[in-house]
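In what follows, a single structure is set out as structure tokens and then discussed.
No lab work stands behind these numbers, since they all come straight from the coordinates. The structure presented is a predicted model; accordingly, all values stated were derived computationally and were not measured. All Cβ positions, even for glycine, are placed from backbone atoms using ideal geometry, and neighbour counts span all protein chains on display.
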Amino acid sequence: MKPSLRPLLAPALLGCLALACPAPGHSQARTSARTAPEISKAVLRAHLYTLADDSMQGRDAGRAGNVRATDYIARHLRRMGVEPAGENGTYFQTVPLVRRSLDPASTLRVDAAPLAYDTDFLPLRPIGLTVFGGRFQRDGVPVVYGGRLGADAITPEQARGRFVVFLPPAGPQSAQGTQMLPIGPLSEVLAPYGGAAGVAVVGLELATPPQLRYFHAPVITLADPAAPRPTMPGVLVTSAAAERMLGAPLAGLRPGAAGRTVSGAFGFHDAPTEAPARNVVGIIRGRDPALRGEYVAVGAHSDHVGISPVPLDHDSLRLYNGVLRPSGLNEAPRQPTPEEATRLRAALDSLHRAHGVRRDSIFNGADDDASGTSVALAVAEYFAKHPTRRSLLFVWHTAEEKGLFGASYYTDHPTVPRDSIVTQVNMDQVSRGGPADVAGSRPNTLYLLGSRRLSTELGDRVERANAAVAHPFALDYSLDAPNHPAMGYCRSDHYMYARYGIPIVFLSAGWHRDYHMVTDEPQYASLDTMQHVGDLVRDLLRDVGDMDHRPKVDGVRPDPGGTCRQ
Ligand SMILES: [Zn+2]
């Protein structure tokens, strides 16, 4: 699942990670997946350990590791006799990722007076699938004061064709009581202003060093001119620069107040990524001529986040996160109590005495999402021999971690008619769980998200399938609650199908201490959980793939170009 931006707001607490110091990687025995057509643990284990091996280099989209992983998936589809459904008769659909970096020659002038790049203004980089990152090249654009985002901001209509200066949405205060710059909500609150000529967000002087590093860092992003979501030119400005653009002090200014004009050319340079990024797409053709033109889609993501810039101490990280950060990168770490610090130190020392310091710099992503990828492969192997009436469309999306780009591109450019996709089943992180692993969860918990949002009938069928499998899960809908702070419904590939009105069900076993850590390794995965998820998905696909009508859509269809609502 792609991470949220919340940790960027809590630099003060990152200190305790400093406890982790340098150390070495690992290797695992592998067994062949060739003999068992049924979903079996041996098959799941072979896929999982291969995809999560150090040699896959954390499967980062746009790099060699992800190419290696997608080659592996395609090789197995070919072996199973699954029909290629990518481009030009292959299993692959190339996703146009680019490496977007700031254009240091960016200019912005108020009337004729220049603002200083990187001092008065800084172009706003794309943040995930957000609206930023477009190029501005205009003269004499009228400026208007937009008010505070999320509070008294002007309407998108009032913003059309103008350069709008906004105050940021209300954000948290620092320990010193100063206003901090919220990044995460920016994209959501600015998305409706796609018709503006450009936007300026006040607060460059509030950005913390980690935030400034984030804004200056090149970003791998999707360059798809046909995407239903325009990219808008945006800049972060200081209050002083904003007042020059508005020709008046901010204090007391009414939203809608006209300012001066701006001109200039600012934005980003795009360069190709090191390696191509590819979705892997295969079809198991339906056995019923009347229904094989309809598809039940199955998804998982092939990518993860690559290699850590600094090697870490595997045991230290795992030990401390187990206590201070039980859902991994999904939360900011807390400070240990003195008693905890002593206990953790002692435990770490004894591990170091037992086997020395284990240096680790690869984000193996065993659970995220080598587990879903492996289950989807095993399920495909089963249906290759036992097809349903409808066709099954398997898509291993790339670049999920970077902003759901693979799924966004596939659903904008599907290789089958989009309206023939009757349901999408998404698996992301399906190998962990249980109270010892996922804080606050019950034994045998499986989280379901979105299963009733577009089709109540689909939600019922998932429950029925679960009730009938050999190992039913305790289905948990808590992460699917409207406005749930973790935003789980918006953080994985299924949403890209749901935005087009396709009923989806998202299955996940939840966050844990190794989430987006170098410690997310296969030896911590539960093959039983993966097999049981495989059984449930197999039976659900059998049901939806063979039913005489497509699941009835009775929910609200979102705007494909809009922002996801949890
Ligand atoms: Zn994931």
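I want the local charge near G256. Using Cβ-Cβ distances under 14 Å, sum +1 for each Lys or Arg and -1 for each Asp or Glu among the other residues.
+2
Shape verdict for the stretch 497-565, please, from the Cα gyration tensor: rounded (a/c under 1.5), prolate (a/b greater than b/c) or oblate.
It comes out oblate by the Cα gyration axes.
Size of the dipole of the stretch 104-266 about the Cα centre, Lys and Arg at +1 and Asp and Glu at -1 on the beta carbon, nothing else charged, in debye to 20?
Around 160 debye, computed over the stretch 104-266.
Grab the DSSP H runs of the chain that are 4 residues or longer, score each as -39,500 (n - 2.57), total them, divide by all residues and round the 222 nm result to the nearest 500 deg cm²/dmol.
Rounded to the nearest 500, it is -7500 deg cm²/dmol.
Using the Cα centre of the chain as the reference point, and only Cβ charges (+1 on K/R, -1 on D/E), how large is the resulting charge dipole? Debye, rounded to the nearest 20.
Using Cβ point charges on Lys, Arg, Asp and Glu, the chain gives about 400 debye.
Identify, among L115, F92, L102, the residue whose Cα sits farthest towards the positive end of the charge dipole of the stretch 83-182, taking +1 on the Cβ of Lys and Arg and -1 on the Cβ of Asp and Glu, with the dipole about the Cα centre.
L115
When ranked by the protection proxy of mean other Cβ atoms within 10 Å per residue, highest first, what sequence do the peptides 209-221, 60-72, 170-182 form?
60-72, 209-221, 170-182
How tilted is helix 338-355 with respect to the longest principal axis of the chain? Cα atoms for both, answer in degrees (0 to 90, nearest 10).
On a 0 to 90 degree scale, this one is about 50.
On each of the three principal axes of the Cα atoms of the stretch 301-441, give max minus min coordinate, whole Å, ordered largest first.
That works out to 60, 30, 28 Å along the principal axes.
So what is the orientation-averaged projected area of the chain, using the convex hull of its C-alpha atoms, in nm²?
Here the figure is 25.9 nm², rounded to one decimal.
With a ≥ b ≥ c the root eigenvalues of the C-alpha gyration tensor of the stretch 420-566, is it rounded (a/c under 1.5), prolate (a/b larger than b/c) or oblate?
Judged from the Cα gyration tensor, the stretch 420-566 comes out oblate (a/c at least 1.5, b/c at or above a/b).
Cut-off under 15 Å on the C-alpha distance; same-chain residues fewer than 8 positions from K552 excluded. Which aspartates and glutamates are left, in chain and number order?
Candidates past the 8-residue exclusion: E294, D419, E457, D460, D543.
Per-residue HN-Hα couplings for the stretch 463-474, Karplus 6.51 cos²θ - 1.76 cosθ + 1.60 at θ = phi - 60°, whole Hz, x for Gly and Pro?
4, 5, 4, 5, 5, 9, 6, 5, 10, x, 8, 7
Quick check: net charge around V165, other residues with Cβ under 14 Å of its Cβ, Lys/Arg +1 and Asp/Glu -1?
With Lys, Arg at +1 and Asp, Glu at -1, the neighbours total +2.
Hey, what did the stretch 104-266 get for relative contact order, percent, Cα under 8 Å, at least 6 apart?
It comes to 40 percent, rounded to a whole number.
With the cut-off at 1.5 for a/c, could you classify the stretch 104-266 from its C-alpha gyration tensor as rounded, prolate or oblate?
Here the stretch 104-266 falls in the rounded category.
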